[in-house]
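Trainee: Quick one: the structure is below, questions incoming.
The values are calculated or read from the model by the stated rules, or taken from the named source; none is laboratory data. Note that the coordinates shown come from a computational prediction; the quantities given were computed from them, not determined experimentally. Neighbour counts run over all protein chains shown; Cβ positions are idealised from the backbone, glycine included. In case anyone asks, the SASA skips ligands and DNA or RNA and just uses the protein heavy atoms, side chains included. Shrake-Rupley method; radii C 1.70, N 1.55, O 1.52, S 1.80 Å.
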Amino acid sequence: MIDFQPLNLEHIPLFRAYFSRVTTRLCDTTLGGAVMWRKGFDSDFALVEDILFLRSRNDAAGFAYAVPLGNLERGLELLQEHCKKTGEPLRFFSVSEENKERLLSLLPDYVATANRDWFDYLYRAEALATLAGK
């Protein structure tokens, strides 16, 4: 079973090394996003075999996991074993289109479901600066 621990500010140097390799622009795959929202989403992490695992509780259904950072294939094996032992479903959050395709190719029995309420969004700099939105 994967031993998750609370994500704290002291872990920033460790996370920086992993997040620096992320190529997506999703807010949850940034150091600032992970640290800023850690308490709001009851986020924690584990480091196993040089693979960084992040999980968050984002609804009453329990935990969802970020795409493992490191060896993806081994990370998925470890997550599947963990979820089987804990009896919880293996669900992912903040999955980029690229990672969605990779996950579905490695986990062919899974389906991807988008939740528009959790999509990232962009602001025009002028609208954000003047707060002219509706």
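Trainee: Which pairs turn up if I take residues in the range 88-112 that are closer than 19 Å to residue 25 by Cβ and look for partners that are of a type in the set (A, V, I, L, M) and exposed (fewer than 15 other Cβ atoms within 10 Å of the Cβ) with beta carbon separation below 6 Å, at least 6 apart in sequence or on another chain?
Mentor: 100/112
Trainee: Additional query: Which ones in the range 13-42 are over 12 Å from the mean Cα position of the chain (by Cα) and closer than 17 Å to residue 70 by Cα?
Mentor: Result: 13, 14, 15, 16, 17, 18, 20, 21, 23.
Trainee: Out of the residues in the range 77-134 meeting the condition of being open to solvent by 60 Å² or more (accessible area, probe 1.4 Å) and among the polar types (S, T, N, Q), tell me which one is farthest from residue 67 (Cα to Cα).
Mentor: Checking each candidate, the answer is 130.
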